[in-house]
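For reference, the structure discussed in these notes is given below.
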Amino acid sequence: AQSVTQLDSQVPVFEEAPVELRCNYSSSVSVYLFWYVQYPNQGLQLLLKYLSGSTLVKGINGFEAEFNKSQTSFHLRKPSVHISDTAEYFCAVSPLNTGFQKLVFGTGTRLLVSP
Amino acid sequence: GAVVSQHPSRVICKSGTSVKIECRSLDFQATTMFWYRQFPKKSLMLMATSNEGSKATYEQGVEKDKFLINHASLTLSTLTVTSAHPEDSSFYICSARELAGVGETQYFGPGTRLLVL
């Protein structure tokens, strides 16, 4: 079985400051890793994903994440946030042996960017 | 990008009635659609996976007679909450996998908020 932990339920940050949203996972099999963003009253949108290769993954809107296998982490970072980045961010994993059929989500982190 | 819509966006119903939620892929064909349930301050929980033209596969603990799923075409899946009760109140989200695209990407709908009185 898999589980995803996002320890921070809410992260307040000032505009133009850097931010890191933490994600740790547990799995008995290898997984693919994803970050999704959910803006108010909208569906989840894929930010970035790690399937294989370079452990540093760049996504949309200036976000990036680094896969650390030894620490089973996939933290999301942005060097300078904007007001429009205010949203809910979900980390998710998909076991390799499910053909991408199964996504297991964390509880989400609400990023609050203030001026 | 691929767009998934859900209808209605929110619904209020009386206890004992049934509610149907539609999930449509607007600009692509989806072989597989997924239904999730999201509780306040909780993660999305996968309820079931539906493949076009076949029976849905339900996750453990999800009552298939309670949550009826139909995937009649490559662009439409429906979730019917039968004999709804207040504990069924929740946010229901669907997603769809593109037929000809990169298989690992699921495109999500905006969700349907159900309130059962």
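The values are calculated or read from the model by the stated rules, or taken from the named source; none is laboratory data. Just so we're clear, the structure is a prediction, and the values are computed from it rather than from any experiment. A quick note on method: Cβ atoms are made from the backbone with ideal geometry, for glycine too, and the neighbour counts reach across all protein chains shown. Just so you know, the surface numbers come from the protein's heavy atoms only, side chains and all, with ligands and any DNA or RNA stripped out. Shrake-Rupley method; radii C 1.70, N 1.55, O 1.52, S 1.80 Å.
Tabulated data
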quantity	calculated
Qualifying residue in region B:60-80 (condition: in contact (Cβ under 8 Å) with a residue 60 or more places away in the chain and either open to solvent by less than 40 Å² (accessible area, probe 1.4 Å) or under 30 Å from A:Y25 (Cα atoms) (or both))	yes
Hits in region A:14-48 (condition: open to solvent by less than 20 Å² (accessible area, probe 1.4 Å) and in contact (Cβ under 8 Å) with a residue 12 or more places away in the chain)	A:V19, A:L21, A:C23, A:V31, A:L33, A:F34, A:W35, A:Y36, A:V37, A:L44, A:L47, A:L48
Odd one out for A:S70, checked against (1) in a strand (DSSP E or B); (2) farther than 21 Å from B:A2 by Cα; (3) open to solvent by 60 Å² or more (accessible area, probe 1.4 Å)	(1)
Extreme residue, most open to solvent (accessible area, probe 1.4 Å), among residues of region A:78-93 that are among the aliphatic types (A, V, I, L, M) and not in a strand (DSSP E or B)	A:I83
Residue ranges of strands (runs of 3 or more DSSP E) in region B:56-105 with at least 1 members modelled with pLDDT under 90 and closer than 28 Å to A:V93 by Cβ	B:67-73, B:90-98
Subset of region B:16-47 [facing chain A (nearest Cβ under 10 Å) and aliphatic (A, V, I, L, M)]	B:L44, B:M45, B:L46
Test for B:I21: is it of a type outside the set (S, T, N, Q) and crowded, with 19+ Cβ neighbours inside 10 Å	yes
Region A:2-13, subset of a type outside the set (D, E) and more than 11 Å from chain B (Cβ to nearest Cβ), residue most open to solvent (accessible area, probe 1.4 Å)	A:L7
Residue that is open to solvent by less than 20 Å² (accessible area, probe 1.4 Å) and not in a strand (DSSP E or B), where the choices are B:F34, B:F28	B:F28
Test: residue in region A:94-115 that is open to solvent by 40 Å² or more (accessible area, probe 1.4 Å), β-branched (V, I, T), more than 11 Å from the chain's Cα centre (by Cα) and more than 29 Å from B:A48 (Cβ to Cβ)	no
Filtered residue count, region B:37-56, keeping only those that are of a type in the set (S, T, Y) and either at positive phi or surrounded by fewer than 16 Cβ atoms within 10 Å (Cβ to Cβ) (or both)	1
Selection count, region B:48-95, where residues are aliphatic (A, V, I, L, M) and within 13 Å of chain A (Cβ to nearest Cβ)	3
Odd one out for A:E64 among (1) within 14 Å of another protein chain (Cβ to nearest Cβ); (2) under 22 Å from B:T105 (Cβ atoms)	(1)
Some residue of region A:20-29 being in a loop (DSSP other than H, G, I, E, B), modelled with pLDDT of 90 or more and of a type in the set (A, V, I, L, M, F, W, C)	yes
Residue ID - modelled with the lowest pLDDT, chosen from residues in region A:67-99 that are within 13 Å of chain B (Cβ to nearest Cβ) and farther than 20 Å from A:A1 by Cβ	A:E88
